[in-house]
Every structure is written in C-alpha cells, then in structure tokens.
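Let me begin by presenting the structure, written as structure tokens, before commenting on it.
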Amino acid sequence: IGIFNSEHAELLKSVYQPFSIAMSNALRYRELMQIKENLASENLAMKSELDRGINDQIVGVDFGLRHVMEMVGIVARTTSPVLLLGETGTGKELIAKSIHQTSPRRDAPFIAVQCGAMPESLLDSELFGHEKGSYTGAITSKKGRFERANGGTIFLDEIGELSMDAQIKLLRVLQEKEFERVGGQQTLKVDVRIIAATHRNLQKMVSQGSFREDLWFRLNVFPITIPPLRERKDDIPALVQYFIIKKSRELNFHSQQEIAPGTLDRLMNYNWPGNVRELQN
C-alpha cells in the first residue's frame, strides 16, 4: 500500500494500448504459425502417402499372393470393412492400398493410422481432431484422421493395440458413422471405409477380454489372411530383383546391379521370420 500513485497510473495508461496491440499481434502470429505447421504436416503426410503409392508395388500377384489378390478384387467393389491378418512385415498396408486404389473411392483420400505407435493421450485428437482451446497447446482447431479420410479409406494398422476406451469410440464411428472432435459440441458425420490390420489373434483376445467382441464382429466382415514369406518362397527372386532396382535408383546407381553367385540360394533357404520387410532391409 502506498507504493503506487497517480503518476504510475497515468504511465500505465500510456502503455496500455501499445502493450495490448503487441500482445494481440503476438498471439495472432503464434496462431498463424501453428496453422502453417499443421498444413505443412498434413501436406508432408499426403506427399509421403502419394510417394509410397507410386513407388511401391505388389510382387507375387501371379504366385504366392494370387489368392489374396483374387479376394482383393472381390471386396474392393464393396464398401464392407476389411480385416487383414498376417505376421508383421507381410505387406498389409500395400494390400490395403490396393483395395483402395481398385475401389470406387480411389480418387478420395487413403489415410493410414499406426495404432500401436500412437500415445494414448493423443489418440482422440489424432483420430477425431480437436477444437481450439480444448487442451493446453490446442491453439487452433485441427481435423482428425477420420475427418481427413471422409469419402475415402482409413487404414487402421495393428488395431489389436488399441485400448478398450479407444475401441468403444471406434465402435461408435463404425456403427453410427459420427463423432465429435475433442472439446467440440458438434456431431460430425463421415463416410469412411475401414480397413483394419493386425498380427494378433483377435478372436483369442476377445475370449481373454482384451478386445471387444462387438467391435471384432464389425471388423471381421471380410477377413483376408496374408501368407508369410516362408510360405511363398517362389516370390523371393522377383522380390530381390524389385528391391535391387528400387535401392539402385535411391542410390543413383546407373548400371544394373547383380547379386553375388550363391546369394539367391541362401536367401531361398532362409526362414524369414521378419517376412518381406526383413528381406527388404
């Protein structure tokens, strides 16, 4: 008491307006930068998806994956959910893209979600988006993966890793085709085709109580099992040739690269526990 007087009050009045303008400008600049970062992130993700779609191809269509591709041709024309089953590294995302690219939704977005790599605290925001101010750091509104995939396909990889809470929210989207953003009051409608994938035994997880039975019934409409590489070794020579050409382009090799004598025999005799991903690496 008594520290400040009328002169201090007048001084404060003189700087109040410029301080207010400066603070307002700073907040607007921060918001614009966040919008720019969000757009840049979305553009990068879309470019990455496009690049992978252009550069990746399915090897083994005429041999080890012939039955799989026949099923892809059947289900692609429908809107049914698809459940891709198989070990890690068998190429489930490539099969999911093939379903999308041969479906009536081919011109709409294909959005991939790695369920096992997404922190639980960010799951709602990533899948369903958030409104400005819904939590600390949410200085702008943001569309979630489902909203971005509207009209197209969303690929939920390793869906067996989702928590029970996340499974409940996903079930609502499958049943009602609607959701709310985090912190939002408006119910949003989406038209999205679901393709899920897992290396786990979901039926066993249902019996153990770690996966919802009603969600499993919703996803298991058209299951496709992708065989491991050890069960389609006839595809290995073509895969090796494909990866050599792809890697040669990445490394700017202008001449045709050849593998050493005897290498292919060793590759054919190996069991490949990591499947096609291990062979590529």
Does segment 247-264 include one or more residues that are modelled with pLDDT under 95, of a type in the set (A, V, I, L, M, F, W, C), out of contact with any Asp or Glu (no Cβ under 9 Å at 6 or more places or on another chain) and closer than 25 Å to Thr88 by Cα?
-> yes
Sole exception among (1) at pLDDT below 70; (2) closer than 30 Å to Arg148 by Cβ; (3) exposed (fewer than 11 other Cβ atoms within 10 Å of the Cβ) for Ile1, by number | (2)
Evaluation of Glu120 against (1) of a type in the set (D, E, K, R); (2) modelled with pLDDT of 90 or more; (3) open to solvent by 60 Å² or more (accessible area, probe 1.4 Å) (one fails), failing number = (2)
Would you be able to tell me the number of residues in segment 78-116 that are of a type in the set (Gly, Ala, Ser) and closer than 21 Å to Asn201 by Cβ?
-> 5
Any chance Ser98 is open to solvent by 10 Å² or more (accessible area, probe 1.4 Å), over 18 Å from Phe222 (Cα atoms) and out of contact with any Pro (no Cβ under 7 Å at 6 or more places or on another chain) = no
Residue list for segment 96-124, filter: in contact with a Leu (Cβ under 6 Å, 6 or more places away or on another chain) and assigned to a helix (DSSP H, G or I) = Cys115
So which of Leu174, Leu162 ends up being over 22 Å from Glu31 (Cβ atoms), in contact (Cβ under 8 Å) with a residue 60 or more places away in the chain and over 13 Å from the mean Cα position of the chain (by Cα)?
-> Leu174
Hey, which of the helices (runs of 4 or more DSSP H) in segment 126-213, taking only ones fully inside, have at least 3 residues that are open to solvent by less than 70 Å² (accessible area, probe 1.4 Å), at pLDDT below 90 and within 19 Å of Leu83 (Cβ to Cβ)?
-> 164-176
Scan segment 68-95 for residues that are open to solvent by 40 Å² or more (accessible area, probe 1.4 Å) and among the basic types (Lys, Arg) and report the count.
-> 1
Thr225, sole failed condition from (1) over 19 Å from the mean Cα position of the chain (by Cα); (2) modelled with pLDDT of 95 or more; (3) surrounded by 16 or more Cβ atoms within 10 Å (Cβ to Cβ) | (3)
Please go through segment 232-279 and pick out each residue that is open to solvent by 90 Å² or more (accessible area, probe 1.4 Å), assigned to a helix (DSSP H, G or I) and out of contact with any Gly (no Cβ under 7 Å at 6 or more places or on another chain).
-> Lys247, Arg249, Glu250, Asp265, Arg266, Asn269
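The values are calculated or read from the model by the stated rules, or taken from the named source; none is laboratory data. Being a predicted model, the structure only gives us computed values, none of them experimental. Neighbour counts are summed over all protein chains in view; Cβ atoms, including those assigned to glycine, are modelled from backbone coordinates with ideal geometry. Accessible surface areas use protein heavy atoms only, side chains included; no ligands, DNA or RNA. Shrake-Rupley method; radii C 1.70, N 1.55, O 1.52, S 1.80 Å.
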